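The values are calculated or read from the model by the stated rules, or taken from the named source; none is laboratory data. Just so it is clear, the model here is predicted, and its values are computed rather than measured. Virtual Cβ from ideal backbone geometry, glycine too; neighbours counted across all protein chains shown.
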Amino acid sequence: MRMTRLRAFAATATIGVGVLAASPAFAVSITSPPSPYTVQNNSAGVPQPFTFSASGFPANTSVYAAICDGTSITSTSWDPTANCDSGTSPAAVVSDASGNVTFNSTNPNFQIGVFDGTGPSGGFNCLYTGQTPPAGGLPSFTNCQLVVMDNAFSSVSPNKAAITLTLQAPVAKTPETPYAVALPLGAIAILGGGYVALRRRRNHSAGVAA
Amino acid sequence: MRKFLRYAGIAGGTVALAVVGIAGPASATPPTGYGFDNTPHVIVGGGSDTTWAAQLRITQLWDSSPACTSNNTPGAGLSDCLANANPETNTLGNYQRDTVSQAYPVGSGAGIDSLNNNTAGDNYVGTVNGTPANVDFARSSRAPKTTGGACPGGNELTCDTFWGYAQDGVQISVFNGRSSIQSISGAISLADIKNIYNCTDTQWSQVASLGIAPGSAQDGPIVVWGMNSSSGTYGTMKTWLQNVVGLGSTYDIDSQACVHHLTGSGGTYPFENDIKPVVNDVLANGVAGSAAGLSGLNTDPSNPQNWIWFGSFGIASAYGYASNYPAANQPTTGGPTLTTTEFSAPINGVLPSGSNILGNTWTIGRTLFHVTKKADADCPKTGGICDFVGNPGPGIGTGATACAAGTTGALCDLNVVGGATGISGAVREYTRFQCRVNGTEQTLDPLTGKNYDTEITSAIKADGFQLVPVALRTTGSRCNVIS
């Protein structure tokens, strides 16, 4: 967090517009994982929640997280009520005395509702590269974001940060051969192999005798 | 204002012609199949405190939505719709330029009572229609009551239709350092909640699922705050305590000996969703006989860490100043000050969230309702069941789809049955606006260029609420319609 503030101050000083204090907008950052983050799928190809941490919030404050579309959170038109799917939000995490939060994916209360396709509130689609958008005409993004913020209900708070999420295509799995097919085929192969071996042995024996 | 009128004129003239096409009679008449009579009316809703702000936002959207071309010449009929192209076409907005407003809250039950003139002498001061005046529609944060409700005979569904447009959860609230219980697995158990709310447990160390050692820094007296019993939040919590926690059908929160009301304010119970009146009362009067002012001592009932309350998860989340009262902003008279911050308490180890409220798995989930008299706005029915799909509304746009009243269109509008003119028709159309199924049935906001479906969603989310869960929606509508 100290480094973040230093960087923010340096940036402000470099711009040289006479701003004496670092803007709070630069104070919050997602410290883990780095951006972009590739969301892992389970064996069924479903995106899985992941642990993430952020710093720079006021102490003892409820911090919210949500999956949002690809609109930059610094855009003047960005609005969490329009650009984020609040149905993906886990319970708020209360920041510690240093302003840090961790949404631990092992705790069901704090699992982010990452999704592939249309979000639970039906406002937009998050897709992997090359994915065909679902029917319905909703806006689609391959650069959906994880946003952490201390106000998920208006864009007024500068205390927010985002990382870009990369979704993965579900891995095509080679279908297993059903037993109903494999067992008879195996039996045929064994019997056939035995027959061939028997024929060879007989032929070999006949040849030696000759 | 002038800019808006210009937009409205454009909307009435251009957008209407482009978007909607409904056959009308030979002379200029209001759009067919709707509740418009080409004259603006004033209608007022009232009741719920929790849903007040969200309804104000939706009302603002409706009031400024595309309207008819109006008479802007000072004199008689100012703001009436002018006879325009025949047949007249609906703008899918506030066509006849009604004024819809939201009266100051009194609680859901009281609002429904006013709507139905259920109590002799009902007069919701601040409303305009009726003698004496009462609301034209109600706001409710609780479900309809089929017995003991605010309607003659007790079954509110014989009088009214409940249009659920958003979803919320009631949270149990703890304060300041008690937020540490959020990480305790399995806390607070239903058995413990039962013992808190029937006054069996009076010390935090008695709450078994919290594992607090007697006399430790986390121990202290449990201070249970009550609430205005007309509120829908109170009704939802009471019903949950009765049915889920197992306190029984006669249980009442405010009647419990351990439940606190305000000392000032005539000893009334506080309104929900704002901790400032509670804190101010303790600053001035103390609580349970303690000295005036807040306290940091763990044994003092005036220490917010010892308090437990309940309220809207959405409002507590969205309005930080209602759930976090900085010491610097508190009046200093009456004793020491202390910042008071409200947090969600877990129930059986689960915290409320946007995810579990939208998913309808939060244990105290609730739908938020716009309530109308059946004569004003009701769903069309097949076999006594709401059936929007089988009973489509008027046609929208140009197309061959067969819709209501012999109209055709590219698609059919949501069918809301009810008043054809006047105040009744105005209620009907404000209702339809909130419950159209999606953006295909809505038009664009001429001020923002956004579809009203999107803007209604944002208005709901801005108050911390969620959309109605898909499983609860009435097919063909975004609302959960209970009739």
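Can you name every residue in the stretch A:96-109 that is more than 7 Å from chain B (Cβ to nearest Cβ) and farther than 11 Å from A:TYR64 by Cβ?
First, pick out the residues of the stretch A:96-109 that are more than 7 Å from chain B (Cβ to nearest Cβ): A:96-108.
Within the stretch A:96-109, A:ASP96, A:ALA97, A:SER98, A:GLY99, A:ASN100, A:THR102, A:ASN104, A:SER105, A:THR106, A:ASN107, A:PRO108 qualify.
Might you let me know whether the stretch B:453-466 holds any residue that is away from every other protein chain (no Cβ under 14 Å) and not in a helix (DSSP H, G or I)? Please lay out each step first, then the result.
The initial filter retains those residues of the stretch B:453-466 that are away from every other protein chain (no Cβ under 14 Å), namely none.
So far as the stretch B:453-466 goes, no, none of its residues is away from every other protein chain (no Cβ under 14 Å) and not in a helix (DSSP H, G or I).
Are any residues in the stretch B:262-285 part of a helix (DSSP H, G or I), free of Cβ contacts under 8 Å to residues at least 24 places away in the same chain and of a type in the set (Gly, Ala, Ser), and if so, which ones? Give the derivation first.
Of the residues in the stretch B:262-285, the ones part of a helix (DSSP H, G or I) are B:265-267, B:276-285.
Going one step further and asking which of them are free of Cβ contacts under 8 Å to residues at least 24 places away in the same chain, we end up with B:265-267, B:277, B:281-282.
Once the filter is applied, which keeps residues that are part of a helix (DSSP H, G or I), free of Cβ contacts under 8 Å to residues at least 24 places away in the same chain and of a type in the set (Gly, Ala, Ser), the stretch B:262-285 yields B:SER265, B:GLY266, B:GLY267.
Quick check on the stretch B:188-197: of everything there that is in contact (Cβ under 8 Å) with a residue 24 or more places away in the chain and surrounded by fewer than 20 Cβ atoms within 10 Å (Cβ to Cβ), which residue is nearest to B:ASP252 (Cα to Cα)? Give the derivation first.
From the stretch B:188-197, those in contact (Cβ under 8 Å) with a residue 24 or more places away in the chain are B:188-190, B:193-194, B:196-197; that's our starting set.
Checking which are surrounded by fewer than 20 Cβ atoms within 10 Å (Cβ to Cβ) leaves us with B:189-190, B:194.
Working: B:SER189: 20, B:LEU190: 17, B:LYS194: 12 Å.
The selected residue is B:LYS194.
Which of the residues spanning the stretch A:60-80 are under 17 Å from A:ASN125 (Cα atoms), small (Gly, Ala, Ser) and away from chain B (no Cβ under 12 Å)?
A:GLY70, A:SER72
Run B:GLY406 past the list (1) over 30 Å from B:LEU56 (Cβ atoms); (2) surrounded by 20 or more Cβ atoms within 10 Å (Cβ to Cβ); (3) not β-branched (Val, Ile, Thr) and report the number of the one that doesn't hold.
Of the numbered conditions (1) over 30 Å from B:LEU56 (Cβ atoms); (2) surrounded by 20 or more Cβ atoms within 10 Å (Cβ to Cβ); (3) not β-branched (Val, Ile, Thr), the odd one out for B:GLY406 is (2).
In the set B:ASP136, B:ASP122, B:ASP168, which member is charged (D, E, K, R) and closer than 25 Å to B:GLY246 by Cα?
On the way: B:ASP136 fails: closer than 25 Å to B:GLY246 by Cα; B:ASP122 fails: closer than 25 Å to B:GLY246 by Cα.
Exactly one residue qualifies, and that residue is B:ASP168.
Filter the stretch B:116-159 down to the residues that are of a type outside the set (S, T, N, Q) and loosely packed, with under 13 Cβ neighbours inside 10 Å and list them by number. Walk me through how you get there before you give the answer.
Start the filter on the stretch B:116-159 by keeping residues that are of a type outside the set (S, T, N, Q), which leaves B:120-122, B:124-126, B:128, B:130, B:132-133, B:135-139, B:142-145, B:148-154, B:156-157, B:159.
Listed by number, the residues that qualify are B:ALA120, B:GLY121, B:VAL125, B:PRO132, B:GLY148, B:PRO152, B:GLY153.
Please verify whether A:VAL147 is within 12 Å of chain B (Cβ to nearest Cβ) and β-branched (Val, Ile, Thr), treating the condition exactly as stated.
Values: within 12 Å of chain B (Cβ to nearest Cβ): no; β-branched (Val, Ile, Thr): yes.
For A:VAL147, the condition - within 12 Å of chain B (Cβ to nearest Cβ) and β-branched (Val, Ile, Thr) - is not met.
Condition check: modelled with pLDDT under 95 and within 14 Å of chain A (Cβ to nearest Cβ). Does B:THR333 satisfy that? If you could, list the steps in order and put the result at the bottom.
Working: modelled with pLDDT under 95: yes; within 14 Å of chain A (Cβ to nearest Cβ): no.
Against the criterion (modelled with pLDDT under 95 and within 14 Å of chain A (Cβ to nearest Cβ)), B:THR333 does not qualify.
Identify the single condition in (1) surrounded by fewer than 16 Cβ atoms within 10 Å (Cβ to Cβ); (2) at positive phi; (3) modelled with pLDDT of 95 or more; (4) not hydrophobic (A, V, I, L, M, F, W, C) that B:GLY418 does not satisfy, given that it satisfies every other one.
(1)
Just to be sure I understand, how many residues within the stretch A:73-113 are in contact (Cβ under 8 Å) with a residue 60 or more places away in the chain and either surrounded by fewer than 22 Cβ atoms within 10 Å (Cβ to Cβ) or of a type in the set (Asp, Glu) (or both)? Quick ask: steps written out before the conclusion?
Of the stretch A:73-113, the ones in contact (Cβ under 8 Å) with a residue 60 or more places away in the chain are A:73, A:78-81, A:84, A:86, A:89, A:98-100, A:111-113.
Remaining after also requiring either surrounded by fewer than 22 Cβ atoms within 10 Å (Cβ to Cβ) or of a type in the set (Asp, Glu) (or both): A:73, A:78-79, A:98-100, A:111.
Summing the residues that are in contact (Cβ under 8 Å) with a residue 60 or more places away in the chain and either surrounded by fewer than 22 Cβ atoms within 10 Å (Cβ to Cβ) or of a type in the set (Asp, Glu) (or both) in the stretch A:73-113 gives 7.
Could you go through the stretch A:141-149 and let me know if any residue there is at pLDDT 95 or above, more than 14 Å from the chain's Cα centre (by Cα), surrounded by fewer than 22 Cβ atoms within 10 Å (Cβ to Cβ) and part of a loop (DSSP other than H, G, I, E, B). Quick ask: steps written out before the conclusion?
Keep residues of the stretch A:141-149 that are at pLDDT 95 or above, which gives A:141-149.
Subset that is more than 14 Å from the chain's Cα centre (by Cα): A:148-149.
Narrowing further to those that are surrounded by fewer than 22 Cβ atoms within 10 Å (Cβ to Cβ): none.
No; the residues of the stretch A:141-149 include none that is at pLDDT 95 or above, more than 14 Å from the chain's Cα centre (by Cα), surrounded by fewer than 22 Cβ atoms within 10 Å (Cβ to Cβ) and part of a loop (DSSP other than H, G, I, E, B).
Might you check whether a residue that is under 29 Å from B:ASN273 (Cβ atoms) and of a type in the set (D, E, K, R) occurs anywhere in the stretch B:411-421? Reasoning before the result, please.
Here is the first cut: in the stretch B:411-421, the ones under 29 Å from B:ASN273 (Cβ atoms) are none.
The answer is no, given that none of the residues of the stretch B:411-421 is under 29 Å from B:ASN273 (Cβ atoms) and of a type in the set (D, E, K, R).
Looking for whichever is under 12 Å from A:ASN83 (Cβ atoms) and within 14 Å of chain B (Cβ to nearest Cβ) here; the options are A:PHE124, A:PHE141, A:PHE153. Which one fits?
Details: A:PHE141 fails: within 14 Å of chain B (Cβ to nearest Cβ); A:PHE153 fails: under 12 Å from A:ASN83 (Cβ atoms).
Of A:PHE124, A:PHE141, A:PHE153, the one residue that is under 12 Å from A:ASN83 (Cβ atoms) and within 14 Å of chain B (Cβ to nearest Cβ) is A:PHE124.
Could you run through the stretch B:468-483 and say how many residues are facing another protein chain (nearest Cβ under 10 Å) and either closer than 22 Å to B:ASP63 by Cα or part of a helix (DSSP H, G or I) (or both)? Steps first, answer last, please.
Of all residues in the stretch B:468-483, those facing another protein chain (nearest Cβ under 10 Å) come to B:469-470, B:478.
Now restrict to residues that are either closer than 22 Å to B:ASP63 by Cα or part of a helix (DSSP H, G or I) (or both): B:470, B:478.
So the answer is 2.
Can you confirm whether the stretch B:229-244 contains a residue that is touching a helix residue (DSSP H, G or I) at 6+ places or on another chain (Cβ under 8 Å), under 21 Å from B:ASP201 (Cβ atoms) and assigned to a loop (DSSP other than H, G, I, E, B)?
yes
Taking the options B:ILE385, B:ILE423, name whichever one is over 30 Å from B:SER317 (Cβ atoms), surrounded by fewer than 24 Cβ atoms within 10 Å (Cβ to Cβ), in contact with a His (Cβ under 6 Å, 6 or more places away or on another chain) and more than 14 Å from every other protein chain (Cβ to nearest Cβ). Steps first, answer last, please.
Numbers: B:ILE385 fails: in contact with a His (Cβ under 6 Å, 6 or more places away or on another chain).
Exactly one of B:ILE385, B:ILE423 is over 30 Å from B:SER317 (Cβ atoms), surrounded by fewer than 24 Cβ atoms within 10 Å (Cβ to Cβ), in contact with a His (Cβ under 6 Å, 6 or more places away or on another chain) and more than 14 Å from every other protein chain (Cβ to nearest Cβ), namely B:ILE423.
In contact with a Cys (Cβ under 8 Å, 6 or more places away or on another chain), surrounded by fewer than 23 Cβ atoms within 10 Å (Cβ to Cβ), at pLDDT 95 or above and within 22 Å of B:ILE456 (Cα to Cα): is that true of B:ARG57 in this structure?
Working: in contact with a Cys (Cβ under 8 Å, 6 or more places away or on another chain): no; surrounded by fewer than 23 Cβ atoms within 10 Å (Cβ to Cβ): yes; at pLDDT 95 or above: yes; within 22 Å of B:ILE456 (Cα to Cα): yes.
No, not satisfied.
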